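So the structure is just underneath, and the comments pick up after that.
The values are calculated or read from the model by the stated rules, or taken from the named source; none is laboratory data. These numbers come from a predicted model, not from an experiment. Here the Cβ is made from the backbone with ideal geometry for all residues, glycine too, and neighbour counts use every protein chain on show. These accessible areas exclude ligands, DNA and RNA; they are computed on the full protein's heavy atoms, side chains included. Shrake-Rupley method; radii C 1.70, N 1.55, O 1.52, S 1.80 Å.
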Amino acid sequence: MNATDTRERILGRMFQDIHKNGFQGLRADRVIADLGITKGALYHYFPSKDAIGLAVIAEIIEPSYLAFFRSLEQAKGHPIDLLKAHLQELADKASPDDIYLGCPLNNLVQEMSPLNEDFRQRLKVVMDGMIHYSTRALERGVAQGQVKAGTDCAAVASFMVAGMEGAYGVAKVQKSLSSFHRNIQQLLNYLEMFRA
């Protein structure tokens, strides 16, 4: 196994452990034991626990979360339809385990933003990206007559992201997939209000 594969295996397992136990509950020693590697190998790739967490955000969470939103830059469809389809996909693929563990991004935002400025800044990049690309898509929709003139696109995009992340948080504490579906449906209704 080459170095890139080893590093990716470590990072993937650390992400799983963080998602299940939180960053502060991360047990790197347990993860490396499960992977059959040495502590020295871990520290070769990641010099500290914080370096692991920041790499998880930058290399796993950010690309995963921003893939759809970045795709809006080239998308040709109606922006409201595109945003609604993404939210519907999140609802359709959500499993009870997803709801029980919560949104990995939201979990880290809640846990680490008040404790570590490097984490907060890295997580802010992801949140800001989701809002930025959604805003731009809605602005293009206004220019093309698809979204109501006068729409505060940045406010709509920010509320949509807040609602999406909030839906995960409410569903997690209630341990309720149906709660997640209900709240996502309300977001779908909200977006529809801005269709021209």
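Whole-Hz Karplus ³J(HN,Hα) for segment 124-140, in order, using 6.51 cos²θ - 1.76 cosθ + 1.60 and θ = phi - 60°, x for Gly and Pro?
Working through the residues one at a time gives 4, 4, 5, 4, 4, x, 4, 5, 4, 5, 5, 4, 4, 5, 5, 4, 5 Hz.
Using a 10 angstrom Cβ neighbour count of at most 16 plus a DSSP loop assignment to flag exposed trypsin sites (Lys or Arg not before Pro), which longest range of the chain is free of such sites?
Longest gap between qualifying sites, sites excluded: 77-147.
How much of the accessible area of the chain, in percent, comes from carbon and sulfur atoms when a 1.4 Å probe is used? Could you put the intermediate results ahead of the total?
Details: 5260 of 9970 Å².
Of all accessible area on the chain, carbon and sulfur atoms account for 53 percent.
With an 8 Å cut-off on Cα pairs and a minimum separation of 6 or more residues, tell me the relative contact order of the chain in percent.
With pairs under 8 Å counted, the relative contact order is 24 percent.
How many Å² of accessible area per residue for the chain, probe 1.4 Å?
Ligands and nucleic acids excluded, the result is 51 Å² per residue.
Taking the Cα centre of the chain as origin, sum charge times position over the Cβ atoms of Lys and Arg (+1) and Asp and Glu (-1), and report the length of that vector in debye to the nearest 20.
Values: 22 positive and 22 negative charges, 30 e Å.
Here the chain has a charge dipole of around 140 debye.
For segment 5-89, which GluC sites (Glu not before Pro) pass both filters: DSSP loop (anything but H, G, I, E, B) and at most 16 other C-beta atoms within 10 Å? It would help to have the intermediate numbers written out before the result.
Numbers: sites: GLU8, GLU59, GLU73, GLU89; in loops: GLU73.
Those satisfying the criteria are GLU73.
In the neighborhood of HIS78, defined by Cβ-to-Cβ distances under 13 Å, what is the net charge if each Lys or Arg adds +1 and each Asp or Glu adds -1?
Residues near HIS78 contribute +3 overall.
Kirkwood hydrodynamic radius (Cα pairs, Å) of segment 116-196?
Working: mean 1/r = 0.0723 Å⁻¹.
Here the Kirkwood hydrodynamic radius works out to 13.8 Å.
Report, please, the projected area of segment 56-196 averaged over directions, based on the convex hull of its C-alpha atoms, in nm². Write down the numbers at each step before the final one.
Details: hull surface 32.9 nm².
Across all orientations, segment 56-196 yields a mean hull projection of 8.2 nm².
When only Cα pairs under 8 Å and 6 or more residues apart are kept, what is the percent relative contact order across segment 118-183? Intermediate values should be presented prior to the final figure.
Working: 36 pairs, mean separation 16.1, N = 66.
Reported relative contact order: 24 percent.
Roughly how large, in nm² to one decimal, is the mean projection of the convex hull of the alpha-carbon atoms in segment 130-174?
On the way: hull surface 12.9 nm².
The directionally averaged projection comes out at 3.2 nm².
Please report the net charge: other residues with Cβ closer than 13 Å to the Cβ of PHE119, K and R +1, D and E -1.
Details: positive: LYS49, ARG120, ARG122, LYS124; negative: ASP50, GLU62, GLU111, GLU117, ASP118.
Cβ neighbours under 13 Å give a net charge of -1.
Can you give the helix-only mean residue ellipticity at 222 nm for the chain, where every DSSP H stretch with n ≥ 4 adds -39500 (n - 2.57) and the sum goes over all residues, rounded to the nearest 500 deg cm²/dmol? Walk me through the intermediate numbers first.
Details: 11 runs with 147 residues, N = 196.
Computed ellipticity for the chain at 222 nm equals -24000 deg cm²/dmol.
Would you kindly derive the ³J(HN,Hα) couplings of segment 68-79 from the backbone phi angles with the Karplus curve 6.51 cos²θ - 1.76 cosθ + 1.60 (θ = phi - 60°), listing them in order in whole Hz, with x for Gly and Pro?
4, 5, 5, 5, 4, 5, 9, 5, 9, x, 5, x
Add +1 for every Lys or Arg and -1 for every Asp or Glu among the other residues with Cβ under 10 Å from the Cβ of ALA28, and state the total.
+3
Read phi for every residue in segment 55-62 and hand back ³J(HN,Hα) as whole Hz from Karplus 6.51 cos²θ - 1.76 cosθ + 1.60, θ = phi - 60°, with x for Gly and Pro.
Along segment 55-62, the couplings run 5, 4, 5, 5, 9, 10, 5, 4 Hz.
Straight-line reach from LYS93: which lysines have Cα under 29 Å away, leaving out those fewer than 8 places along the same chain?
In chain and number order, the partners are LYS20, LYS76, LYS84, LYS124, LYS172, LYS175.
Name the long-range amide H neighbours of VAL147: under 5 Å, sequence gap of 5 or more, or other chain; modelled H, no Pro or chain starts.
Under 5 Å from the amide H of VAL147: VAL142, ALA196.
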